[in-house]
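A quick write-up on the structure given underneath.
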Amino acid sequence: MCLRFGKSIFLITVLLFVFGYATAFAAVDDLSHGKAALVNGAVITSADFHDELRRVERLRGANKKSPDPAESARNKKQALEKLITRELLYQEAGKRGIKVPEKVVNEEMDKLKKQFSKEAEFNTTLGKMGLSGPAVRAQIERGMAVQLFIDDEFTKKVRVSEDEIASYYERHRDDLKEPLASAREKIRQVLQREEASKKLTPYLKRLREKAVVEILLEEEE
């Protein structure tokens with residue numbers, strides 16, 4: 001498979017996967033934390049669930065002092081469904097034989113380390129997050145594999161016409177602040193992602209319906 005990563009855009013995606021989604025990845029091998037769910041046999045730990053729940057609550061501005069039971073239930077459902085979706089996508093990438101070369105993963109790991117002044121600072125930060133270098137590296141590989149799967153199965157198959165690009169440019173001319181010639185490829189990618197997202201949604205629904213998912217969360221969770 002030919003690997004063509006979208007440079008800076010893809011780096012942002014990887015960084016979001018690592019620091020937005022992977023906090024609990026270090027706990028994957030520690031089953032003493034309990035299991036939140038099984039997805040076609042793969043474990044989603046309770047630690048994964050609680051970290052994702054905290055992110056959902058932050059995004060929604062949940063009131064932890066006076067939580068609304070209905071809102072709390074919605075947040076828990078959303079957190080678990082996000083984790084299930086990511087696991088299903090990673091499994092689909094594996095079925096397609098998508099492999100991210102070690103060299104590519106190493107390069108992304110190096111880019112991540114360069115966000116810190118020293119490697120010691122990087123390692124200290126990981127320690128505070130309950131992460132290890134190998135755990136982060138593994139999550140980078142997972143994130144890249146999922147992104148490659150989405151690109152190959154959806155994004156790259158979207159065809160964007162020159163008329164669509166011109167129309168988008170006219171609607172966003174003031175925001176783009178550059179000539180159409182230089183903005184063309186950027187606009188093409190935006191339109192491709194928008195259309196791919198529309199196709200991905202029903203695909204994920206079908207994937208979820210066919211999956212064998214067992215919810216193991218305790219009632220108090």
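A few remarks follow.
- 29 Å Cα-Cα threshold exceeded, pairs from Lys95/Lys199; Lys95/Lys157; Lys35/Lys118; Lys82/Lys156; Lys177/Lys205: Lys35/Lys118; Lys177/Lys205
- Mean Cα-pair separation over length for segment 83-221, i.e. relative contact order, pairs under 8 Å, 6 or more apart, %: 29 percent
- Net charge of Cβ neighbours under 13 Å - reference Gly127; Lys, Arg +1; Asp, Glu -1: -1
- Pairs of alpha carbons in segment 71-128 whose separation is greater than 13 Å (percent): 74 percent
- Relative contact order (%) - segment 126-205, alpha-carbon pairs under 8 angstrom, separation at least six: 34 percent
All of the numbers you see were taken from the coordinates with simple rules; none came from a lab. All of these numbers come straight from a predicted model, not from anything done at the bench. Cβ sites come from the backbone with ideal geometry, for glycine too, and all protein chains shown count toward neighbours.
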